[in-house]
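**Student:** Starting off with a structure, shown below.
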Amino acid sequence: MIDLSRYRKDFPILNQTVKGRPLIYLDNAATAQKPLQVIGTVDQYYREYNSNVHRGLHTLSERATRAYEKAREKVARFIHAPRSEEVIFTRNTTESINLVAYTWARKFLKAGDAILLTEMEHHSNLVPWHLLREEKSIELRFIPVTPRGELDLQHLKQLLDGVRLVSVTHMSNVLGTINPVEVITEEAHAAGAKVLIDGAQAVPHMPVNVQDIDCDFYAFSGHKMCGPTGVGVLWARAEILRDMPPFLGGGEMIHEVHLNHSDYADIPNKFEAGTPNIAQAIGLGAAVDYLSRVGMENILQHEQEIGALAIEKLKSIKGLRIFGESEKRGAAISFEIEGVHPHDIATILDEQGIAIRAGHHCAQPLMRKFNVQSTARASFYFYNVPEEIDILVDALKTAKRLFGYVT
Amino acid sequence: MSLDALYQEIILEHYKNPRNFGKLDESRAKAHYENPSCGDQIDLQIVLNDDMVVEDIRFQGRGCAISQASASLMTEAVKGKPLDEVQKIIESFTSLMTGEGEITVELGDLEALEGVKKFPVRVKCAMLGWTALKSLLERETKS
């Protein structure tokens, strides 16, 4: 297995005990930890050059503006966007998807048009479209999920008939499945539909190239990729962004304002009304630098290896069922143990210093599909080490024993 | 150890073999409660006779050991009791969970749930059935 454990020292939070045991952090699909390089960058901004961007004529403001725009360039390069002005800073993936729903979809979709989603979407890629449907009589369709936890693309061509937008997750936050977004995009474009990819789980864990995917919109969050909370990204093709009306109105996003009307600024400012999340965006730039140094290919390799090892060892526990058996998958692993509810598992693990997630993972339709109320989920990142899997497996056996089951 | 304090034998036993589990006649008063953050759910039905005594009570639910055992223990505690005593049991159990207010009645087996207090995020699990019971009684006594 590729050894990336040398990076653990950059994450001070990992070096602590919880309930008297060394912390084992396996809730990375919810949010990732932050390295000193990111914490230091945010700290430095507030200590040395905190000021507003784009309008100050003073030294600090110029420095803040340069750092903020530099972060935009770094993010653009990281996802291989052709132009940095195509990178819009939002709060998170949810806001990025809502931005597309509230602006592009409201302007360009009309009654009778269809949007194609999938059964494995996070609520953030379902609810914005439910809200849109309340306003416009659009139709929502869903690519089904197979029992193995993969998208069933057999009937994709028929499903695409009359579809104007396909919005699909790049990597499932529950099943770990990496979806063939290139194939879906090609088919969608052939049918005349635009494509939005929810990359919240993909960008932190694998190399992403929006030009190779050839999608039209790509959304992701900073906090899942070692960046601060409160900053996310919407990437979209420049010509599409220019055709879209603004999302929020206010300062920073205007060209000229009169009492009764205003002209809007060009992209990206058109979509960044008000004082933006300056510290967070600059922090995200530092996170991108950090991840690039570790190497996204290395991170992907590590996660596929540690994910495969974790699945193999988890399967040795009798009565444990894993959801999502795709060959192409990341290291978010959902499971249940017969007779022990996921919340009880999470509490018992926490008592041993292990942080996992239990619940519906904001994917209730997928839970229903697999006929479960909730699952437990262990999700790994590059700083996790194989020894942590063994401790996890032992703790799960303890949970079974506590509930009176033979392990 | 604190885990043993949380998952006492009696709790696990009620989780595996819930008492008063099932459904009454459809016509009986019913409350459905769900904890949206975790998906735990409970359906509770109750029969109050003319003397305002809990003649029968049943629940069905899906959820963690704490929520289901607490509901099961609750049905045992209130079955056959007059309404005013049931109210005291509800108040006393709420006090046991929150550490606020007074415990005015003997809680018996329900005391096994005291360990939950040390796990603040799990208190809402323990309270699920009780919240359903409270709202059901409010509705029933109004009508």
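The values are calculated or read from the model by the stated rules, or taken from the named source; none is laboratory data. Please read all numbers here as calculations on a predicted model, not as lab measurements. Here the Cβ is made from the backbone with ideal geometry for all residues, glycine too, and neighbour counts use every protein chain on show. The protein model used for the area step is the full one, side chains on, heavy atoms only, and it has no ligands, DNA or RNA in it. Shrake-Rupley method; radii C 1.70, N 1.55, O 1.52, S 1.80 Å.
**Student:** Could you please let me know if A:Ile356 is of a type in the set (Val, Ile, Thr), buried (at least 20 other Cβ atoms within 10 Å of the Cβ) and within 26 Å of the chain's Cα centre (by Cα)?
**Tutor:** yes
**Student:** Those residues that are among the polar types (S, T, N, Q), open to solvent by 20 Å² or more (accessible area, probe 1.4 Å) and touching a residue at least 40 places away in the same chain (Cβ under 8 Å), I need them from region A:1-43; list them, please.
**Tutor:** Once the filter is applied, which keeps residues that are among the polar types (S, T, N, Q), open to solvent by 20 Å² or more (accessible area, probe 1.4 Å) and touching a residue at least 40 places away in the same chain (Cβ under 8 Å), region A:1-43 yields A:Ser5, A:Thr17, A:Thr31, A:Gln33, A:Gln37, A:Thr41.
**Student:** Go through region B:36-61 and give me each residue that's open to solvent by less than 40 Å² (accessible area, probe 1.4 Å), under 14 Å from the mean Cα position of the chain (by Cα) and within 14 Å of another protein chain (Cβ to nearest Cβ).
**Tutor:** Correct list: B:Asp40, B:Ile42, B:Gly61.
**Student:** Go through A:Glu256, A:Glu186 for me and flag whichever is out of contact with any Gly (no Cβ under 6 Å at 6 or more places or on another chain), farther than 15 Å from A:Glu86 by Cβ, at pLDDT below 95 and outside any loop (DSSP other than H, G, I, E, B). Reasoning before the result, please.
**Tutor:** On the way: A:Glu186 fails: at pLDDT below 95.
Residue meeting the stated conditions: A:Glu256.
**Student:** Please go through region A:211-246 and pick out each residue that is within 16 Å of A:Thr169 (Cα to Cα) and either part of a loop (DSSP other than H, G, I, E, B) or modelled with pLDDT under 95 (or both).
**Tutor:** The answer is A:Asp214, A:Cys215, A:Asp216.
**Student:** Pairs needed: first member in region A:254-280, open to solvent by 40 Å² or more (accessible area, probe 1.4 Å); second member anywhere, of a type in the set (Phe, Trp, Tyr); C-beta distance under 7 Å; at least 6 residues apart or different chains.
**Tutor:** Cβ pairs passing all conditions: A:Ile254/A:Tyr264; A:His255/A:Tyr264.
**Student:** Which one of these does A:Glu336 not meet: (1) within 14 Å of chain B (Cβ to nearest Cβ); (2) open to solvent by less than 30 Å² (accessible area, probe 1.4 Å)?
**Tutor:** Failed condition: (2).
**Student:** Hey, does region A:95-117 have a residue that's modelled with pLDDT of 95 or more and within 29 Å of A:Ile306 (Cα to Cα)?
**Tutor:** No, every residue in region A:95-117 fails to be modelled with pLDDT of 95 or more and within 29 Å of A:Ile306 (Cα to Cα).
**Student:** Okay, moving on. What pairs come up if the first residue lies in region B:115-143 and is over 17 Å from A:Thr347 (Cα atoms) and within 14 Å of chain A (Cβ to nearest Cβ), the second is in a helix (DSSP H, G or I) and open to solvent by 10 Å² or more (accessible area, probe 1.4 Å), and their beta carbons are under 7 Å apart, counting only those six or more places apart or on different chains?
**Tutor:** Nothing qualifies.
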